[in-house]
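Working notes for the structure below.
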Amino acid sequence: QVQLVESGGGLVQSGGSLRLSCAASGSIFSIPAMAWYRQAPGKQRELVARINSGAETNYADSVKGRFTISRDNAKNTVFLQMNSLKPEDTAVYYCNAHVRYSIQSPAYDYWGQGTQVTVSS
């Protein structure tokens with residue numbers, strides 16, 4: 001089993017910053033990719049940013065230039081630095097990890113419990 005524990009959400013004014021963290025623990029051989037998704041009320045969950053074990057990243061167009069994803073492979077932790085926040089960034093943010101149990105196993109998807117980010121105007 002693998003657990004993802006998120007932290008760092010909260011309430012911030014428009015233009016402010018927040019930093020989210022997500023630590024993975026459990027039966028982990030490697031984590032080929034980690035990502036952040038978000039879901040606003042009445043909307044589908046969407047990809048915000050993804051990073052692989054080689055530190056290659058990709059971002060949703062709506063956050064490019066404002067958000068930065070990074071990871072600490074030794075600690076199985078992924079971060080999301082969010083700057084210049086806007087009210088439309090308000091959502092529950094979910095951590096996602098593709099986890100391999102061994103060198104031969106496929107990667108399985110795991111999700112964190114979600115952390116609320118609210119940006120006031």
Of the residues in segment 1-54, how many are β-branched (Val, Ile, Thr) and under 15 Å from the mean Cα position of the chain (by Cα)? 4
Every residue in segment 8-43 that is over 22 Å from Asn83 (Cα atoms) and not aromatic (Phe, Trp, Tyr), please. Ala24, Ser25, Gly26, Ser27, Ile28, Ser30, Ile31, Pro32, Ala33, Gly42, Lys43
Output for segment 23-61, where each listed residue is open to solvent by less than 30 Å² (accessible area, probe 1.4 Å) and either out of contact with any His (no Cβ under 7 Å at 6 or more places or on another chain) or modelled with pLDDT under 95 (or both): Ala24, Met34, Ala35, Trp36, Arg38, Ala40, Val48, Ala49, Ile51, Ala60
Of everything in segment 7-22, what is touching a Leu at 6+ places or on another chain (Cβ under 8 Å), loosely packed, with under 14 Cβ neighbours inside 10 Å and of a type in the set (A, V, I, L, M)? Give them in sequence order. none
Subset tally (residues that are within 20 Å of Gln3 (Cα to Cα), without any contact (Cβ under 8 Å) to a residue 24 or more places away in the chain, open to solvent by less than 80 Å² (accessible area, probe 1.4 Å) and not in a strand (DSSP E or B)) for segment 62-121: 1
Given the conditions (1) out of contact with any Ser or Thr (no Cβ under 7 Å at 6 or more places or on another chain); (2) on the phi < 0 side of the Ramachandran plot, which single one is not true for Gly26? (2)
Which numbered condition in (1) under 18 Å from Gly9 (Cα atoms); (2) in contact with a helix residue (DSSP H, G or I) (Cβ under 9 Å, 6 or more places away or on another chain) is the only one that Leu80 fails? (2)
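The values are calculated or read from the model by the stated rules, or taken from the named source; none is laboratory data. A quick note: this is a predicted structure, and the numbers were derived from the prediction, not measured. Quick reminder, even Gly has a Cβ in these numbers, built from the backbone with ideal geometry, and neighbours come from all protein chains shown. Note: accessible area is taken over every heavy atom of the protein model, side chains too, but ligands, DNA and RNA are not part of it. Shrake-Rupley method; radii C 1.70, N 1.55, O 1.52, S 1.80 Å.
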